Structures are given as structure tokens and as C-alpha cells.
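Colleague: Mind having a look at this structure? Questions to follow.
Values quoted throughout were computed directly from the atomic coordinates according to the rules given, and no laboratory measurement underlies them. Owing to the predicted nature of the structure, the values given are computational and were not obtained by experimental measurement. Cβ coordinates were reconstructed from backbone atoms using ideal geometry, including for glycine residues, and neighbour counts include every protein chain displayed.
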């Protein structure tokens, strides 16, 4: 396999809390992304662990790392070790379950978060090696992004012009789109865009996007500097 | 353009531009990432400080890994090495440092994956021990990290650094090759000598399987970091003495990849073979996984 775009800080790095890049660092990263997708105070979180995650999560601290991510910790945060106590202190209930998600990647977790406002969010992601992750589903909508680029996720009404509005707004702010995928549940119903960009996206741009008609929600996931 | 896929190209670049390996690496990273030279150097210095910090913490006598199988060995060896030992002070120091990083890793402490978490002790163990005992400057130590990165990058591009794909030879083998080249560079050896040391180091660990007890990064991983650090130092000394590798580094990398592909999945991080299915390991696995 020829992959010339290997940064030397992927070789001497990432900086992470051990013991395993896939079972610990990647798990923290998935939890951290899930938290930002939920973007509100969480009162309970359930983790459904599949495959190798299910079999070895205790010895690898996978549970602590997932929960640490939910609490906002990066993969290099040494408080991950104490995340169970910190979650309890923050009044967050949590439970780990083992589950068979079929032919999902061996290191996959489905996270269900209940927010204090009564909303529920579901995020599924896989840890695919070296601390890298891929998010595969949000609230039953199939998606695919890695968090290696700044990522904007929209929830909007599926109608003509929304995508064009968003892309032109980004370009006028000097933001280049690296990858763009559009998903919808049915024609004219709720839809979602996953936009991975080359530049960081400022709060002003995000607010502008969020104010578009037909836009119900914007989530922004910036890159994890610690995982570089 | 300073991008390279193979050691042969890297050596050619060093020769054509009269640059050392670390300088080519910095120029390549500047091109690829758009970062400045200072930013790249600064980031590598930061990685080096974190490595030193994980060694310092890992030398404590009361470390306990999450799985409970390791902890305190780095301390034991560092005490022993001050007075005794067959191997000499520097070798024992490198080994105790390599153990320290792997023990802190297994205890959910902070480490720099180099190139992976499972093999994170070898590069810092060798570089920090040599810096201390040979009185090399911090600049020289950080330069050595760029040389280690060059070796790891060539392996990542042409083979794999993952135990699940290539067995332990891809993790500890690669790290040992990285550390060997780094050590040669610290001593002022030529780029060719760095590649000879890396080639011999990787050859020495060719075929090493990944067989973690209960699937945890503890046994045999921690002590394999120890022996791989020694392998790196021996190979660096051989290269500095003028001994060449009969097989060029690029070809050794290809051989490592082919061996990895032929390895049964049982011997690639799945804990289904090797040490992982010995009676002692199975008994422990049954207890911890319940």
C-alpha cells in the first residue's frame, strides 16, 4: 500500500494515554466526538461495545477512555484514568453493555446519550487503528467521517438550494471543502450534510450557517490537536 | 520536493543536497504540512519532553498496570544497573527506560506512540540513555527523533507499523530499526550507516509474532521493548564499526511486510497464539476477562 501522506508526527506520535492507540486513544476520540454531536449537558450515557471492544475493554481502559471523551477529555488527558469517578461527581450515569453489531468493524461502539433537556442522541463509531476513528452513524442516519479534518454536520430540510447556500457561504469565507456528503431520510424530509474542510471554521461562519432558513442544527467538530 | 517513499531516495537526496536525514525530514514535513521549520522543530521538542517525562514517571517503584501484570520492573533494573550487570551501564539504562515507558503506558499514563503505543519504549529508551551517558545536546537528541521518524515513515509507506497487520516485527521491529538509526546519527554516523543499522535491526527481529496475553499491552510487550532496545544499540555499534547490511533497508522492509502477510491471524494481536495461549496466560485471561 503506497500512502505518501504520512506525517512524521503520526510516526513520533500521537501523544496519548496508554495502553493502546486503537482501544484507548481511539475510544477517547469517539467519545469526544459524540459529546460534541450531543452538544448539551448529558445526564446518562450507555455504551454498547462490539467485537474486540466488547472482549477486552476492561484491560485496555476502553470504558474509561470512552467516558473521558464524553467528559470532554482528549486522548492525551491523564484524567482519563479517573473518568468513572469524575463522571459520578458530575452527576452523569453511565453503563457499559456488550453487544453484537453484526459485521461492524471489530472496534465499534454505539453510544446513546440522554441530555438533561430530555433529548436523546445516538452516535456509532469505530476505532480503526493508530488512534484514528470513523463515525458511521448519527441518530440512525448513516454518515462517514474521521474527525481528521474540521467537520461541519448540518441537520436541514431536504429542499433545493440548501447545499448551494452552504457551500457558497463557506467559499466566500475562504474555507475550502475537502469532502462533502449529503444524506437524507426521505425526499423533502430531514437531511444532513457532513462537510470536511481544509480550514478551521470560525464561530461567526457557523452562526451564519445556522441562521439559514431550512437549517435546524449545526454541529462543528474541530480537529484534535493532541492526536496530530 | 523532498518527499520520499524509499530509503534509496532519501539517501540520494542527502547526497545530492548535502543534507543530513533530519534536515530532509524537516523540509519534507514543511512541504506536506505547510508548517514552518520552527513549528516542526518545536513540536518534535515537545514530543521529546513528553518522552522524558514518561521515563521519569515510569521509574517509580509503585506503578501498577491496568491488567496487573507489570509495574516496578523499570525501577528494579535501574537500581540494579547502577552497581551491577553484564551489559554495561548505558545498555541497562536504555533497557530500564524502555521498560519505564511501557509500564507507564500500561498504567494509562501519557506516552508518545513511537511508532505505536505497544512499542513506545524503544526509541525514547535508546535516545535518552545515550543523551545522558554520552552528554549529547538536546538539539542532537531531537535530530535523532527526526531520523527515527524517517525510518518509521518508510516502513509505514511500504509495509505496516501495526501488530494486527504485521505482527510484533512491525511494531517492536520497526521501533528497534528507528532507534538504531537514531543512535548512529547521534554518534555522527553517515546517513548510509543509519540505514545499515536500521536494516540489521529489523532483520534481527524479522518474524517476531504479536501474542499479547489476554489481548493486553503488557506481556510480552513490555519486555520485548527491552530486548528490542538492546538490539538497536548492538546494531548501531555494528554500523558505526563499519559493518554493512548485506540486504539494503528497503528490501528488508519488503521482506518484513511479506512475512507479516504470511503470518497466521492467530499471531497478529488477536491473542490466539504464541505466549497468549500458554496455560499460564489462559488461566490469567479467564480470570481478568470475567
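Colleague: Roughly speaking, what is the stretch gain from residue B:244 to residue B:32, that is 0.36 nm per residue apart minus the C-alpha to C-alpha distance, in nm to one decimal? Walk me through the numbers on the way to the answer.
Modeller: Values: separation 212, 0.36 × 212 = 76.32 nm, distance 3.22 nm.
Value of the extension gain: 73.1 nm.
Colleague: With an 8 Å Cα cut-off and a minimum separation of 6 or more residues, compute the relative contact order for the stretch B:26-130 in percent. Numbers along the way, then the final one.
Modeller: Values: 158 pairs, mean separation 28.1, N = 105.
So the answer I get is 27 percent.
Colleague: Please find, in a Gaussian network model of chain B (springs between Cα atoms separated by less than 10 Å), the residue of B:232, B:170, B:271 whose mean-square fluctuation is greatest.
Modeller: In the Gaussian network model the winner is B:271.
Colleague: At each listed q (0.13, 0.19, 0.26 Å⁻¹), what is the log10 of I(q)/I(0) that the Debye formula gives for the stretch A:102-169 modelled as equal alpha-carbon point scatterers?
Modeller: The Cα Debye sum returns log10 ratios of -0.51, -0.92, -1.17.
Colleague: In percent, what relative contact order does chain B have, based on Cα pairs under 8 Å that are 6 or more apart in sequence?
Modeller: Values: 569 pairs, mean separation 54.0, N = 290.
19 percent.
Colleague: Based on the alpha carbon coordinates of the stretch A:14-139, what radius of gyration and maximum Cα-Cα distance (Dmax) apply, in Å?
Modeller: So, for the stretch A:14-139, Rg and Dmax equal 12.8, 36 Å respectively.
Colleague: Please compute, over every Cα-Cα pair in chain A, the percentage with a separation greater than 23 angstrom.
Modeller: Details: 12508 of 25878 pairs.
For chain A, the fraction of Cα-Cα distances above 23 Å is 48 percent.
Colleague: Continuing with the same structure: Quote the relative contact order of chain A in percent (integer), defining contacts as alpha-carbon pairs under 8 Å separated by 6+ residues.
Modeller: Numbers: 474 pairs, mean separation 49.6, N = 228.
Taking the mean separation of contacting Cα pairs over the length of chain A, I get 22 percent.
Colleague: Kirkwood hydrodynamic radius of the stretch B:20-288 from all distinct Cα pairs, in Å?
Modeller: Values: mean 1/r = 0.0547 Å⁻¹.
Hydrodynamic radius (Kirkwood, Cα only) of the stretch B:20-288 equals 18.3 Å.
Colleague: Sticking with this structure for a sec: Quick check: residue separation of residue B:266 and residue B:16 times 0.36 nm, minus the Cα distance between them. What number comes out in nm?
Modeller: 85.5 nm
Colleague: Now for a separate question. How large are Rg and Dmax for the protein assembly as shown when calculated on the C-alpha trace, in angstrom?
Modeller: Rg then Dmax for the protein assembly as shown, in Å: 23.5, 78.
Colleague: Still on this structure: Report the label-to-label distance for residue B:39 and residue A:185 in nanometres (one decimal), using points 7 Å from each Cα along the Cα→Cβ vector.
Modeller: Reported label-point gap for residue B:39 and residue A:185 is 4.1 nm.
Colleague: While we're on this one: Quick one: in the stretch A:151-227, what % of C-alpha pairs are over 22 Å apart?
Modeller: Working: 519 of 2926 pairs.
Everything past 22 Å amounts to 18 percent.
Colleague: Between B:77, B:99, B:19, where does the largest GNM mean-square fluctuation fall for chain B, given springs only between Cα atoms within less than 10 Å?
Modeller: Per the Cα network of chain B with a 10 Å cutoff, B:19 tops the list.
Colleague: Compute the separation of the alpha-carbon centres of the stretch A:3-80 and the stretch A:146-166 and state it in Å as a whole number.
Modeller: With the stretch A:3-80 and the stretch A:146-166 each reduced to a Cα centre, they are spaced 25 Å.
Colleague: Can you figure out the FRET efficiency of residue B:9 with residue A:117, using R₀ = 51 Å and their beta-carbon distance, to the nearest 0.05? Could the numbers behind the result be given before it?
Modeller: Details: r = 57 Å, r/R0 = 1.12.
E(calc), rounded to 0.05, equals 0.35.
Colleague: Over chain B, with a Gaussian network built from C-alpha contacts below 10 Å, which listed residue (B:71, B:34, B:274) shows the highest mean-square fluctuation?
Modeller: So, out of B:71, B:34, B:274, the one fluctuating most is B:34.
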